[in-house]
Amino acid sequence: MKFNYKEVEKKWQEKWFKAKIYEARREEGKKKFFIHFAYPGISGYLHVGHMRGFTYADIISRYKRMKGYNVLFPAGFHASGLPSVGFAKKVERGDPDTLRMLKENGCDDKTIERLKDPVEVVKFFSKVYVEDYWKRFGFLIDYSRLMDTISEGYKRFIRWQFLKLNEKKLLIQKTHFAPYCPNCGPVAVDKSETDISKGGDAQILEFVVLKFKMEDGAFLPAATLRPETIFGVTNMWINPHVEYVEIEVNGERWICSSQAVKKLMYQFDEIKETGRRIRGKDLLGKKCKVPLVERNVPILAGSFVDPNVATGVVMSVPAHAPYDWIALKESGANIEPISIIKVKGYGKFPAGEICEEMGIKSQLDREKLDKATEIIYKKEFHGGILNENCMDYAGSRISEAKDLIKEDLIDRGLATIMREFSEEVICRCGERVVIKKIPDQWFIKYSDPELTEISKQHVETMNIYPEDYKREMPKVLDWFGDRACIRKGSWLGTEFPFKRGWIIEPISDSTLYPIYYIVSKFVNEGKIKPEEMDEEFFDFVFLGKGKAKKEIWEEIRRDVLYWYPVDINLGGKEHKTVHFPVFVMNHVALLPPEFWPRGIFVHWWITQKGKEKISKSKGGAEPIPKAVEQYGVDAMRLYYAHSASPFVDVEWDPQLVSNYKSRISSIWNMVNELLEVKGEENGHLERWLRSSMARRINLINKYMEEYNLRDAANEIFFEIPNDLKWYIRRGGKDRNVIMEILEKWIKLVSPFTPHLAEEMWEKIGKEGFVSLERFPEFEERHISAEDEVEEDLLKEVMNDLKEIVKVTKIKPKRIFLYTSPRWKREVYERLLKGEEVGNVIKDLVQRKDLEDKGKEISKFVGETAKELRMLSSDDKERFRISINELEFLKECADFIKKEFGAEEVIVESAETCSYDPAKKSRFAKPLKPAIYIE
RNA sequence: GCAGGGGUAGCCAAGCAUGGCCAACGGCGCAGGCUUCAGGAGCCUGUCCUGUAGAGGUUCAAGGGUUCGAAUCCCUUCCCCUGCACCA
C-alpha cells in the first residue's frame, strides 16, 4: 500500500521512453506548440536550483499535450565560451574541490583524465544532464533532437547566421576596450571568476585625464571621474614616496606613476618611455596650470594618492572632494578652497561639512572617506548646480554639465579618456588584468534604430510572463547597445566568417538556435550531413529562398514551416537583460515575421539560506541525484510548481520539500481508501461534489492557460482532496461518483506529478498512459448552485457553532437552530431586485401577519440594504438561489450532532419555534440561522 | 550612473495591474487532542489582542493623501536586492 516512489518512477519512465511518447512529429492540420528552455551552459554538475525552470517547461508541455496540441519540447547544451574550458583547466591543475566533486559523483580516474579536454567535458556533462537530470525527472523532452553548440552542424548554422547579419548590415567594426591579461590574453571579468582569481565585481570606469601643464612643458595627467570640478582645483596631489616616470604620448611629455604607464600602453597607440624618472617629493612645490581655467596651482604632497589607481596623479578640489579637503587640512598649506557647486542641504564646502559630520580626521581613513565621497558625489550629481565660478557652464546642473565639459575638454585637446577597473583584477596566472584597446573589434549592431523599433513593436504582441517583464522589455531593447561579438583566445565556439582565428562570442551564437532544433533531428538521424549544410541549404529551409537540392531539404522546410515560431522560450531571470533581448532581435532581424517568437517565460531562482544564489563555489548546493533519491521526483516537481510564484526567489528548504513528499504519499493513500468506499448515493452530496469539481476544473483551466502553475497546483493538490475528504466526512459513499471524480482528478494531477498520476491511473483500472489523455474541460451541466449554497450554509453554521463553543466553553448537549422567518427572506429578495427601501418597509408593515413587528422590520430592512450594498456580485448571487434551509438543516442534524458530540440537534423555523429560552430566534436571517446551545 | 525588483503576522510566502468577499491562501514552527503501539508518517483543532454567544479592537516598512471604504491607488522618506555586454 505504501507509495514506493522509486519503483514507480522507474517503471513509468521506462514505459514512456520505450514508447517514445516524447517524440514530436509533424502532423499537418494539428495545432502545434513549441516550447523550450534556455539551454544550459556546460559548467559542471547542476544543482536543484536549475531544475526549477526545466520542471516548469515540462509541466507546461505536458499540459499542452493533454490539451490536444502537437508539442515540440526539445533541448540542447550551450557548450560555447569559457565554462567547459574553465572546468577542464580546473581538472588539469588538479583543483581539489573539482576533483573531490567528481569523485563523489562516481568518476573514476580514467574519466577524470579525459576531462582535461574541454570537448570531453561537454560530452561528459551532456550525458549527465540527459540521463541523471532530465530523464530522471521524467521530462518528455524530444530526445531525438539533442544538440550542442560546438557540433559541426551547429557551427554551420551559426556561420550562416553571421553571413545573414552581415548582409543586413548589422555587423560593424569599431574601437573597443576589453579586459586583457598580458600573459594569457583576453579574459572574462565576471562574478563566476572563471578566468580570474580576484576582482569579479570590477566594472570598467572611464576616467577623464586632464592635462596640467608644468612650467617645463611637461604635463601632469590628473585622472578624475568628475571633470566638472575642474573649476574648483586649488592644487595637485603627488605621492612623495612614489617614483614617477616620464613618458611621451602623441608627442607630449607626461609624468605619471610607473603602474599607470603599463596600463596606458594597452590603451594608447603612440606611447613610449623617455627613461626619465622623478621622485614624487622632487615635484613638490612646483606649479602647474589648470587647463581651461588657466590658473596656476601648486603641487602638494598627498600620501593618500595610490600609484595603482589611474595615473597616480590627482587634482585637488577641496571644496567638493572629502579626500582633498582632509589632505589639504593636513598639509597645512595656506590655500582657500574654491566653491563651485550649490547643492541643497550643504553650504559652501560640502566636503568639509561631511568630514566634520563623520568625524574624519586623516587622509588615510579610507573607509570613511570613500563613504563620504560617495555621498557627496551622488548628492551633487543629482541636485548640484554649477555656480558663477564655472565660466560658460555656470547655472547648469551637474548631471547635464558633466558630459558636456568632458567633451569640450577632449575637443580642445586638454583632456583624454583612460579606462580603469573599479577594483583590482588578478588573472588566474597571477598577473594583473589590464584593459586593452581593440581598434577594429566586430560588433552586432543592436543599436540599429529600425531593428530596435520593430523589435519593440513585436514585443507588444508577445505573451510575456511575468507582465512586469513585458513592460520592461521595450526599455531594455532601447538600452541594449552594440555587442562585441568575437574574441580571439582559447574558448569554444564557431569561427567568425570574416576574420580567421577569431571565435564568435557565446551570447551571440545562442540567439536564433531554437530553429536549429528542427534541423538537428535530421542531423542526428543521419538524414543530412553537416557538410551539406551550406548557405544555400539554410537559405532554403529557413527563408524559402532558392531551390531544394534534395528531397530531404523539402522535408526539413516543411518541418520548419510547421513548427516555427517558438511559442515559449523559458529561462531564468539572469536572461532578462541579455539573452531574451537578443533572442528577439535576431529573429526580427533575420527571419520573416511569421517566424518571430510568440512568448517568453521568465522564472526566478532557488537560492540558499540568506538569499545567495546557489553556486558550487559557495558550497552546500544539493546534488540532484541525491535530492531525487531523498524526496522523489514528483515531490520535487510539486515543490517547484507550488511552493511559490515563479516570479520570486525561493530559498531551498529541505524540510519544505519533505512536506511535499508527504503530500504525494497521502494522496496515494487517499486514492486507495476511496477505492474501498461503497454504499448508497445520497443525491445532494454527489451533486455538490460534481458541482464543486466542475467549478475547480474551470478555474484550473483558466490558470493553466496563463501558466499560473502555482494556483492551478493549489486547486489540484489541496482543494480537490479537501472536497473529497469533506464528501467522505459528510457520509458520502457513492462509488460511481468517486470513480468519476478520481478519473478527472488523476488527469489534472498528471502534468505536475506524472509518475504518481500514471500509477493511480493504473490502480483505478485504466489502460494506457494518462499522460496522453485529454485534460478535463469545464462541464457546465454539473454546476448546481443550490447544492453548493446548501453546503456552504452548513459550513458557516458549523463555524458559528465552533466559535460559540470556543468562547463560552460550553459542552453542547442540545443545539437549536432557528432558520430565518419568511418575511426576512422576502426583504432580501425584494432589495436584490432593486426595490426602494421605503417601499419594502411600507409594504411589509401593512401586512396583517407582521403588524406587531413594525420597528423590527424597518430596522432590518435598513440594515440589510446597507449590507447588500457592501456585497460583491458573487455574494449577492447566493441570496438569489432559493433553497429550503429548514429542510436542508434538518437533514444535516445527525451530522452536526456527531461533529459536536451533542445529544440532540433541533432545527426549527424562527417563526414557529417551540423552545427559545434565550430569545435567540430573532437573530435568524437568510443563510444565517440563529443558534442556541445548552 | 543606467535599468528593474522588493519590504505582509515567529519564519518562509500568497494577495497587491480589476480598492470592499482580508485578520489577510498555503507551508514551517509552536500548543492541544485523536489515530498509530514502525519511522523526519497520518488526522483534527488552535496560534495578532480582547471576549462565558457566533463579536469587537489594532495590523500588512514609516509618514502623509485620495475614498463611504486601502496591504491594495497617489506622494514623501528609510532600508534591502538584481542585471549591465566578450559571463552564460
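Every number in this text was worked out from the coordinates using simple rules, so none of it is lab data. Computed from a prediction, not measured in an experiment: that's the story for all the values here. Virtual Cβ from ideal backbone geometry, glycine too; neighbours counted across all protein chains shown.
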Amide proton proximity set for A:ARG295, modelled H, under 5 Å, gap of 5+: A:VAL290
field: Those residues of region A:187-231 whose amide nitrogen sits under 12 Å from the label point placed on A:SER422, 7 Å along Cα→Cβ
entry: A:200-206
field: region A:633-649 - phi-based ³J(HN,Hα) in whole Hz, Karplus 6.51/-1.76/1.60, Gly and Pro as x
entry: 5, 4, 4, 5, 4, 5, 4, 4, 6, 10, 5, 7, 4, x, 9, 9, 6
- request: Considering the convex hull of the alpha carbon atoms of region A:525-681, report its projected area averaged over all viewing directions, in nm², one decimal.
  value: 17.0
- prompt: So what is the orientation-averaged projected area of region A:799-934, using the convex hull of its C-alpha atoms, in nm²?
  reply: 8.9
A:TRP479/A:ASP97 FRET efficiency (R0 30 Å; Cβ-Cβ; nearest 0.05): 0.20
field: Long-range amide H partners of A:VAL71 with built H, under 5 Å
entry: A:PHE33
- line: Within region A:644-746, DSSP-loop GluC sites (Glu not before Pro) with at most 15 other C-beta atoms within 10 Å are A:GLU680, A:GLU681, A:GLU706
task: Starting from the Cα-Cα distance between A:THR111 and A:ARG781, subtract it from 0.36 nm times their residue separation and give me the gain in nm to one decimal.
output: 235.0 nm
- prompt: Given H placed 1.01 Å from N in the peptide plane, which residues other than close sequence neighbours of A:CYS256 have an amide H under 5 Å from its amide H?
  reply: A:VAL245, A:ILE247
Sequence-distant aspartates and glutamates (8 or more away, or on other chains) whose Cα lies within less than 20 Å of A:LYS262: A:GLU206, A:GLU243, A:GLU246, A:GLU248, A:GLU252, A:GLU270, A:GLU273, A:ASP306, A:GLU420, A:GLU423, A:GLU424, A:GLU431
- prompt: Which net charge results when you count Lys and Arg as +1 and Asp and Glu as -1 among the other residues whose beta-carbon is under 13 Å from that of A:TRP688?
  reply: -4
- request: Under 14 Å from the Cβ of A:ASP534, count the other residues' Cβ atoms, weight Lys and Arg +1, Asp and Glu -1, and hand me the total.
  value: +3
task: Compute the FRET efficiency between A:TYR915 and A:GLU803 as 1/(1 + (r/R0)^6), taking r as their Cβ-Cβ distance and R0 = 35 Å, and round to the nearest 0.05.
output: 0.95
- line: The correct pair for chain A, radius of gyration to one decimal and Dmax as a whole number, both in Å and from Cα atoms, is 37.4, 120
task: Mind grabbing the base-10 log of I(q)/I(0) for region A:727-781 at q = 0.19, 0.20, 0.29, 0.31 Å⁻¹? Debye formula, identical points on the C-alpha positions, no solvent, two decimal places.
output: -0.70, -0.76, -1.13, -1.20
statement: Lys and Arg at +1, Asp and Glu at -1: neighbours of A:PHE443 with Cβ under 10 Å from its Cβ sum to +2
field: Where only alpha carbons of region A:313-412 are counted, the Rg and the Dmax (Å)
entry: 13.8, 41
query: Using 7 Å Cα-to-Cβ label points, what is the A:GLU856/A:MET391 separation (nm, one decimal)?
result: 9.4
task: Pop out the ³J(HN,Hα) list for region A:320-336 in order, Karplus 6.51 cos²θ - 1.76 cosθ + 1.60 with θ = phi - 60°, rounded to Hz; leave Gly and Pro as x.
output: 10, 10, x, 4, 5, 4, 5, 4, 5, 4, 5, 6, x, 5, 8, 10, 8
message: Looking at the calculated P(r) for region A:780-879, what percent of the C-alpha pair distances fall above 22 Å?
response: 48
Inter-centroid distance (Cα atoms) of region A:48-107 relative to region A:763-789, Å: 36
statement: In order over region A:698-711: 3J(HN,Hα) from phi, Karplus 6.51/-1.76/1.60, θ = phi - 60°, whole Hz, x for each Gly or Pro, gives 4, 4, 4, 4, 4, 4, 5, 4, 9, 6, 8, 5, 5, 5
message: Can you return the lysines within cross-link range of A:LYS802? Criterion is Cα-Cα under 18 Å, with same-chain partners fewer than 8 residues away left out.
response: A:LYS811, A:LYS813, A:LYS897, A:LYS898, A:LYS920, A:LYS928
query: What dipole magnitude, in Debye to the nearest 20, does chain A give about its Cα centre under +1 on Lys/Arg Cβ and -1 on Asp/Glu Cβ?
result: 740
Stokes-Einstein translational diffusion, region A:270-317 - Kirkwood Rh over all Cα pairs, 1.306 mPa s, 10 °C, in µm²/s: 125
- request: Let me know the shape class of region A:163-220, please: from the alpha-carbon gyration tensor, a ≥ b ≥ c as square roots of the eigenvalues, rounded when a/c is under 1.5, otherwise prolate if a/b is greater than b/c, or oblate.
  value: oblate
message: Suppose each label sits 7 Å from its Cα in the direction of the beta carbon; what would the A:LYS11-A:ARG878 distance come out to in nanometres?
response: 4.3
message: Quick check: pseudo-label points 7 Å beyond the Cα along Cα→Cβ at A:GLU706 and A:GLU407, how many nm apart are they?
response: 4.5
- prompt: How big, in percent, is the set of alpha carbon pairs in region A:100-221 lying more than 16 Å apart?
  reply: 81
